[in-house]
1. Compute the distribution of all C-alpha to C-alpha distances in the chain, in bins of 20 Å from 0, and list the percent of pairs in each, rounded to whole numbers.
2. When a/c is below 1.5 the answer is rounded, else prolate if a/b is larger than b/c, else oblate, so apply that to segment 93-230 with a ≥ b ≥ c taken from the square roots of the Cα gyration tensor eigenvalues.
3. Among all lysine pairs in the chain that are eight or more places apart or on different chains, how many have alpha carbons less than 19 angstrom apart?
4. What ³J(HN,Hα) values, in whole Hz, does the Karplus curve 6.51 cos²θ - 1.76 cosθ + 1.60 give for segment 257-264 when θ = phi - 60°, with x put for Gly and Pro?
5. Sort out for me the Cα centre separation of segment 613-659 from segment 136-173, rounded to whole Å.
6. Per-residue counts of other Cβ atoms within 10 Å, averaged by peptide: what ranking do you get for 534-541, 113-120, 13-20, 453-460, highest first?
7. Using each residue's phi in segment 594-603, evaluate 6.51 cos²θ - 1.76 cosθ + 1.60 at θ = phi - 60° and report the 3J(HN,Hα) Karplus result to the nearest Hz, with x for Gly and Pro.
8. Based only on Cα atoms, what mean projected area does the convex hull of segment 1-136 have, in nm²?
Amino acid sequence: MKSLWDDAEAAAYNTVLGQRVYTSRLLGQDSALVLHGGGNTSVKSVETTLLGDEIETVWVKGSGWDLATITERGFTPLRLDSLRRLAELETLSDLDMARELKLASLNPAAPAPSVEAILHGVLPATFVDHTHADAFVTLSNTPSGEARIRELYGNELVVIPYVMPGFALARLAWRLYREQAHGGTVGLALLNHGLFTFGDSARQSYERMITLVGRAEEYLARQVTLPRPVPRPVPRPCAPALRQEIAALRLDVSRAAGRPMLLMTHQDQDAVTYTQRADLPDLARQGPATPDHVIRTRRLPLIGRDVKTYADAQRAEFAALSPRSVTPLTPLDPAPRVILDPQLGLGVAGVSAAAARIVEDIARHTLAMIQQAAALESWKPRPAADIFDVEYWDLEQAKLRAGSPPAEFSGEVALVTGAASGIGRACVEALLGRGAAVIGLDIQRAVEEVSAAPGYLGVQVDLTDESAVEAALERGVRHFGGLDLLILNAGVFPASRAIADLGTAEWERVLGVNLTANLTLFRLAHPLLKLAPGGGRVVVNASKNVPAPGPGAAAYSASKAALTQLARVAALEWGADGIRVNVLHPNAVFDTGIWTPEVLEKRARSYGLSVEDYRRNNVLKAEVTSRDVAELACTLCSAAFSRTTGVQIPVDGGNERVI
Ligand code: ZN
C-alpha cells in the first residue's frame, strides 16, 4: 500500500476543509481501503456564524457521498459541543440520533452526516480517517483475529471489540479511548469492521492509515500462500442451454424479489475458480466482510440455483431474528444478490446495472478476502444476529419506507436493433431514461458508443448473419440476465425503383434485412421473452408504407408488410406466453441517417414544397421526430398497454391515405 500524497496536488487545496477533501479522495481512490460510499472522514475547525459567534465545529462526511468524488459540499458542519453531550447519553436510538445530528448542524442544507459523526466529534485529533481496509478486515475475520491485530499493532491502536456501528460504537470507542489512549496512540482498530487513524494534519492522518493497512498487507503476504489457480473450463461463448438457464434463474430471482431484477453473470477465471472450489459452501456461507456490506449483498450468497430454498431460509432467519428489534420490522425481499454457481460463475442481481455493479465489486473483494483468510486460518466474520442488526437498523428501515418508486422499466432488459442512429438510437435513450438495461445491435461500429451508462451494452453485428446474432444475444443475456423488451427497428430503405427495374438480388437483399433477419430474432428471442418476469413485449417498427404504399418502393413496402404480418402471427402464437407484440407505422421521420439535407431538399422540391412544409406535410402539421417514435414504442411496452396485442399504430402526424 503506497501513499498517493502529492505535494503539488495537495497545494491546490489550500483550506483546512480543502485538505480534508484532498486526502478523503486519496482514500476513496483505493478500493482496497473503501468501496462505494464506505468509510468516512472528518476535520475540526472553529467557525464564525453570521451573528459573530465562534463555534467549535467538526465537518463530517455526509451519508450518500463517496470518498473518491467528495467535494466540500459533501461535508456537514456540526457543533462539537452537541456531539460531546450526545456521547455521554446511556442510549440513543438511531432515529433520535439522526434528528439530534440534524439539530447540531450549522447548515440545514448540508447532507445528513455519517452515522459515525459522534465518534468523529469526540476523538480529539483535528483530522480523523476511517476505512474498511480489506487487509485489516481479512486478518480480523479469522478465529485468532484479535490476537493477530494486537500482535501487529502493539499499543499504537486502541482495539475496540465489535459493536453495532452508530451510537453504540461511538460510546464504546470513546470509553475505551479515554481509558487506554496515550501519547503514542495513532488510531482505533475496530474488530470485524475497520480502522480509524488520527492526525494533526490531513497528511499525517492519511499516511498513518496507509502505513497501518500496509502492515496488514505485508503480514498477509508473509503468511499466506494462495493455491495457484487451476485453469478451469469457462463455458463456451454460444450455448443456447446456458442462455436459457441464466434467464430462468433470473426469473426465479425476480419472483423472489417481487419485481424484475437484472442478473449480471461473470465467467472470468477468478469467478469460475472460486465458484468451483470444493470447499465453497464452507467458505461462502459464513457472512460478509463487514456488516455494512449486508445492505448491498445480503448476508449470504446463493450457492447454486435453488432460489426457493434460499428465500425460505431468508424468511426463516427473519422470523428467528426480528424479535431482537423493539419496533416491528418490515422484511426485505428474500431474493439473493450474489449467486455463486460452478457453471454460471459469479452472478450479481440488482434493480439496475449500477446497483448490480456495486454488488459485484463488493463480492469480488469479499471472495479474495475469504480465500486469503482461509489460507491463513479460516473465515470467521460476525454471526448472523450482528449482521441482522445492521441490515434491519432503524435508519435502513426508514430509507426503505421513504424510498421513491422505481423507474418504469427498472430491472428489465431491452434489445434494440438498428441502435446506432435515428429511431433505434432514440429508443435506446428513451428506454435507458425509463430505467431499462439496453442491448443495442447495429451493423455500424458506432453502436458500441451510443451510451456510456452501465445499463447499456452495444454490440456490432450483421443481423443477416444468424450465428453472429445468436452470439450477440448470448452476450447480452450473460451481461444482463435475460430479455423483456424487443424493439425491432433495423431496416434498409433502398433507392426508389420501379418493379419493372427491380432485380431479384436487390429484392432479396431488402427482404433479407427487413424481414428474414427479424424472423431470426423472433425465433431466438421467444424462449427468452417467455421467461420475462413482467411478460415479454415486442414492438416492430414497420412503416406507413404498409397501409399506404408508394410507387417505387416495392421491395421496402413488401418487406415491411410481410414483417407486419409476421408480428401479427407472433401476437397470436405468443399470447398464451404472456408476450405482447405490437406494430408502429412511422412516417416521414427526417432526423435519421438516411435523410441528409440534400435528400430532404430534393424530395421537398419534387412535391413543390419548402423543406419546412415538407417536414410537416401531415394532418396535424407537426414534425415527427425519432424521439416521438421512441416514446411511443416505450409506452406500448408500458402497463398502459398491458391488455393490447397485435395492434398497428401509425405515428405519422396523421396521413389522409391511412385515415
Ligand atoms: Zn465503518
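Bear in mind that the values in this text are calculations on the coordinates, not laboratory data. Everything numeric in this text was worked out from a predicted model, so none of it was measured. Cβ: placed from backbone, ideal geometry, glycine included. Neighbour counts: every protein chain shown.
1. Per 20 Å bin, starting at 0, the Cα pair percentages come out as 17, 41, 29, 13, 1.
2. prolate
3. 7
4. 6, x, 6, x, 10, 7, 10, 8
5. 63
6. 113-120, 534-541, 453-460, 13-20
7. Result, rounded to whole Hz: 5, 8, 6, x, 5, 4, 4, 4, 5, 4.
8. Over all viewing directions, segment 1-136 projects a mean Cα-hull area of 9.0 nm².
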